[in-house]
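Below is one structure, written out as C-alpha coordinates, with a few remarks after it.
The values are calculated or read from the model by the stated rules, or taken from the named source; none is laboratory data. All figures in this text were calculated on a predicted structure; none of them were measured in a lab. Heads up, the Cβs are rebuilt from the backbone with ideal geometry, glycines too, and the neighbour counts pull from every protein chain shown. Protein only, heavy atoms only, side chains kept; ligands, DNA and RNA dropped before computing areas. Shrake-Rupley method; radii C 1.70, N 1.55, O 1.52, S 1.80 Å.
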Amino acid sequence: MPHFTLSLCVGCVAGLIDVIPMFMQRLALRSCVSAFCTYLFATIIIFHSNLPLLPWWADGMGITLMMAVPVVLTFTGKERRAIVPVLVNALILGFLISVAERYIA
(Lines give C-alpha, C1' and ligand atoms only; values in the text may rest on other atoms or scores of the structure.)
Protein backbone atom coordinates (compact mmCIF):
# COMPACT_ATOMS: atom_id res chain seq x y z
CA MET A 1 0.00 0.00 0.00
CA PRO A 2 1.44 3.42 -0.89
CA HIS A 3 2.60 5.59 1.99
CA PHE A 4 0.00 8.32 1.39
CA THR A 5 -2.89 5.85 1.19
CA LEU A 6 -1.72 4.21 4.40
CA SER A 7 -1.60 7.60 6.12
CA LEU A 8 -5.18 8.27 5.01
CA CYS A 9 -6.34 4.91 6.37
CA VAL A 10 -4.60 5.40 9.71
CA GLY A 11 -5.96 8.97 9.84
CA CYS A 12 -9.51 7.74 9.31
CA VAL A 13 -9.11 5.21 12.11
CA ALA A 14 -7.63 7.84 14.46
CA GLY A 15 -10.43 10.25 13.57
CA LEU A 16 -13.07 7.61 14.25
CA ILE A 17 -11.47 6.75 17.59
CA ASP A 18 -11.78 10.41 18.54
CA VAL A 19 -15.28 10.96 17.13
CA ILE A 20 -17.11 7.89 18.46
CA PRO A 21 -17.17 9.12 22.08
CA MET A 22 -18.26 12.52 20.80
CA PHE A 23 -21.25 10.93 19.05
CA MET A 24 -22.10 9.05 22.24
CA GLN A 25 -22.21 12.39 24.10
CA ARG A 26 -24.43 13.82 21.34
CA LEU A 27 -22.09 16.70 20.54
CA ALA A 28 -22.71 18.90 17.52
CA LEU A 29 -21.96 17.43 14.11
CA ARG A 30 -19.70 20.41 13.38
CA SER A 31 -17.51 19.51 16.37
CA CYS A 32 -17.32 15.87 15.30
CA VAL A 33 -16.34 16.70 11.73
CA SER A 34 -13.75 19.18 13.01
CA ALA A 35 -12.18 16.56 15.30
CA PHE A 36 -12.18 13.94 12.54
CA CYS A 37 -10.47 16.31 10.09
CA THR A 38 -7.92 17.36 12.69
CA TYR A 39 -6.72 13.79 13.24
CA LEU A 40 -6.91 12.93 9.55
CA PHE A 41 -4.67 15.87 8.64
CA ALA A 42 -2.41 15.33 11.66
CA THR A 43 -1.80 11.75 10.55
CA ILE A 44 -0.81 12.84 7.06
CA ILE A 45 1.61 15.38 8.54
CA ILE A 46 3.06 12.81 10.97
CA PHE A 47 3.60 10.24 8.24
CA HIS A 48 5.42 12.74 6.02
CA SER A 49 7.54 14.66 8.53
CA ASN A 50 10.19 14.14 11.15
CA LEU A 51 10.56 16.59 14.02
CA PRO A 52 14.19 17.22 14.95
CA LEU A 53 15.52 16.20 18.37
CA LEU A 54 12.51 13.97 19.12
CA PRO A 55 12.46 10.18 19.13
CA TRP A 56 10.12 8.46 16.67
CA TRP A 57 7.43 7.84 19.27
CA ALA A 58 7.24 11.52 20.25
CA ASP A 59 6.81 12.89 16.71
CA GLY A 60 3.10 12.14 16.65
CA MET A 61 2.58 13.41 20.16
CA GLY A 62 4.29 16.70 19.31
CA ILE A 63 2.38 17.29 16.10
CA THR A 64 -1.04 16.39 17.50
CA LEU A 65 -0.38 18.51 20.56
CA MET A 66 0.54 21.48 18.35
CA MET A 67 -2.65 20.96 16.34
CA ALA A 68 -4.75 20.68 19.50
CA VAL A 69 -3.56 23.97 21.00
CA PRO A 70 -5.79 26.17 18.77
CA VAL A 71 -8.79 24.01 19.68
CA VAL A 72 -7.96 24.32 23.37
CA LEU A 73 -7.63 28.09 23.07
CA THR A 74 -11.20 28.27 21.79
CA PHE A 75 -12.35 26.39 24.90
CA THR A 76 -10.80 28.80 27.39
CA GLY A 77 -13.94 30.90 27.59
CA LYS A 78 -16.72 28.31 27.38
CA GLU A 79 -15.81 24.69 28.02
CA ARG A 80 -12.92 24.64 30.46
CA ARG A 81 -13.75 21.06 31.45
CA ALA A 82 -12.85 19.90 27.93
CA ILE A 83 -9.28 21.23 27.94
CA VAL A 84 -7.61 18.33 29.75
CA PRO A 85 -9.42 15.55 27.83
CA VAL A 86 -8.57 17.19 24.49
CA LEU A 87 -4.87 17.45 25.37
CA VAL A 88 -4.67 13.92 26.80
CA ASN A 89 -6.50 12.56 23.76
CA ALA A 90 -4.06 14.38 21.47
CA LEU A 91 -1.09 12.83 23.28
CA ILE A 92 -2.52 9.30 23.24
CA LEU A 93 -3.67 9.38 19.62
CA GLY A 94 -0.41 11.03 18.55
CA PHE A 95 1.55 8.23 20.18
CA LEU A 96 -0.65 5.58 18.52
CA ILE A 97 -0.24 7.25 15.13
CA SER A 98 3.55 7.22 15.58
CA VAL A 99 3.43 3.53 16.50
CA ALA A 100 1.31 2.81 13.42
CA GLU A 101 3.76 4.66 11.21
CA ARG A 102 6.75 2.90 12.71
CA TYR A 103 5.40 -0.65 12.57
CA ILE A 104 2.90 -0.65 9.70
CA ALA A 105 4.55 1.66 7.16
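Some notes on this structure:
- Pairs of Cα atoms nearer than 8 Å and 6+ residues apart set the relative contact order; for the chain it is 31 percent.
- Rounded, prolate or oblate (a/c below 1.5 giving rounded, otherwise prolate when a/b exceeds b/c) for the chain by Cα gyration tensor: oblate
- Extension gain from A28 to L54, taking 0.36 nm per residue of separation minus the Cα-Cα distance: 5.8 nm
- Proportion of all alpha-carbon pairs of region 35-75 beyond 14 Å (%): 46 percent
- Heavy-atom accessible area, probed at 1.4 angstrom with all protein chains present, ranks M1, M22 as M1, M22, highest first.
- Of all accessible heavy-atom area on region 1-76, the percent that carbon and sulfur account for (1.4 Å): 77 percent
- Förster-model FRET efficiency, 41 Å R0, K78 and M1, C-beta, rounded to 0.05: 0.50
- Net charge over other residues, Cβ less than 11 angstrom from the Cβ of S49 (K, R count +1; D, E count -1): -2
- Helix 56-75 axis, angle to the chain major axis (alpha carbon atoms, nearest 10°): 20 degrees
- Degrees between helix 29-47 axis and first principal axis of the chain (Cα, 0 to 90, nearest 10): 20 degrees
- Nearest-ten-degree value, helix 3-24 long axis tilted from longest Cα axis of the chain: 20 degrees
- If the chain linking F95 and L8 were pulled fully straight, counting 0.36 nm for each residue of separation and taking away their Cα-Cα distance, it would gain 29.7 nm.
- Point-to-point label distance, Y103-L87, nm (Cα→Cβ direction, 7 Å offset): 2.8 nm
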